[in-house]
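The values are calculated or read from the model by the stated rules, or taken from the named source; none is laboratory data. As the structure is a computational prediction, the values presented were derived from the model and not from experiment. Here the Cβ positions follow ideal geometry from the backbone for every residue, glycine too, while neighbour counts run over all protein chains shown.
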Amino acid sequence: MVTEAPPGRGLFITLEGGEGAGKSTLGKALAGELVDRGYEVVLTREPGGVAAAEAIRDLLLSEQPWRWSPLTEVLLFSAARSEHLEQLIRPALRDGKIVICDRFADSTRAYQQAGGADASAIDALETLVVSADMPDLTLLLDLPPEARHARLVQRGVARDAFETRSDDFHERARAAFLAIAEANPDRVIVMNASNSPEQLLKESMEAISARLAVRAS
Ligand code: TMP
């Protein structure tokens with residue numbers, strides 16, 4: 001069964017997965033393809049997407065002399081998400097646009113839970129902040145640990161405070177993403193991030209076209 005959005009609403013697509021999985025490359029390729037097909041597209045990211053949320057991103061991702069508590073991380077990512085939804089995502093969806101967001105609520109569930117946050121706190125904040133605006137489609141780029149390592153070495157120095165966390169942490173986050181996919185088979189499609197960018201674009205476009213067809217019928 002395909003997730004149905006209210007009539008007139010655009011399509012909300014999120015890209016999820018570990019670092020180095022190729023989300024940004026896929027996001028740009030998808031946006032280009034959909035614009036070529038005549039759709040209005042907003043390509044955005046979390047944490048961030050609007051100035052207020054980018055300010056919270058700077059706080060969260062810079063190396064600090066302290067480590068935020070898991071609950072504080074949930075609160076900060078959720079605060080950034082609330083600004084992003086209110087200022088950019090909801091208005092774009094109301095205007096019938098396709099929103100492609102690089103990371104969203106599943107990242108909080110995967111990463112902050114991997115960091116020790118309580119599932120009930122994550123549930124409560126997700127209900128409060130996201131409410132009915134969960135994505136229509138989530139493309140999960142899954143990358144096994146060896147491949148993740150190889151890509152991060154290729155990329156060079158760690159880019160933020162999360163990349164430097166332990167392998168265990170990243171393995172817990174990966175397992176949590178896969179558990180989210182299993183619990184939400186109508187929304188989440190798991191893709192093998194080791195496949196070529198062309199293959200990933202093709203698979204993603206098939207899933208998106210199916211949802212757009214339902215919307216148009
Ligand atoms: P990025 O590398 O995709 O730009 O994401 C930045 C980092 O933020 C990444 O390591 C994952 C982390 N993150 C969370 O821990 N929780 C969240 O809710 C989001 C959106 C990102």
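Examine the range 178-197 for a residue that is closer than 16 Å to Gly22 by Cβ and basic (Lys, Arg), and state whether such a residue exists. Checked the range 178-197: no residue is closer than 16 Å to Gly22 by Cβ and basic (Lys, Arg). Would you tally the residues in the range 85-108 being within 22 Å of Arg211 (Cβ to Cβ), within 18 Å of the chain's Cα centre (by Cα) and assigned to a helix (DSSP H, G or I)? Within the range 85-108, residues that are within 22 Å of Arg211 (Cβ to Cβ), within 18 Å of the chain's Cα centre (by Cα) and assigned to a helix (DSSP H, G or I) number 9. Per the listing Ala92, Ala53, the residue uniquely modelled with pLDDT of 95 or more, of a type in the set (A, V, I, L, M), within 15 Å of the ligand (Cβ to nearest atom) and surrounded by 16 or more Cβ atoms within 10 Å (Cβ to Cβ) is Ala53. Checked against the criterion of being in contact with a helix residue (DSSP H, G or I) (Cβ under 6 Å, 6 or more places away or on another chain), within 23 Å of Ser166 (Cα to Cα) and of a type in the set (Gly, Ala, Ser), the candidates Gly116, Gly48 yield just one match: Gly116. Taking (1) within 16 Å of the ligand (Cβ to nearest atom); (2) more than 17 Å from His84 (Cα to Cα) in turn, Leu34 satisfies each apart from (1). Determine if the range 40-51 includes at least one residue that is part of a loop (DSSP other than H, G, I, E, B) and under 22 Å from Ala213 (Cα atoms). Yes, that holds for at least one residue. The residue list Val99, Val74, Val130 contains one member that is surrounded by fewer than 19 Cβ atoms within 10 Å (Cβ to Cβ) and in contact (Cβ under 8 Å) with a residue 40 or more places away in the chain, which is Val130.
Within the span defined as the range 134-153, one or more residues are over 14 Å from the mean Cα position of the chain (by Cα), modelled with pLDDT under 95, on the phi < 0 side of the Ramachandran plot and basic (Lys, Arg). Restricting Ala117, Ala124 to those that are exposed (fewer than 14 other Cβ atoms within 10 Å of the Cβ), of a type in the set (A, V, I, L, M) and farther than 21 Å from Asp136 by Cβ reduces the list to Ala124. Taking the range 177-217 as the range and being in contact with a Leu (Cβ under 7 Å, 6 or more places away or on another chain) and either among the aromatic types (Phe, Trp, Tyr) or free of Cβ contacts under 8 Å to residues at least 40 places away in the same chain (or both) as the test, only Phe177 passes.
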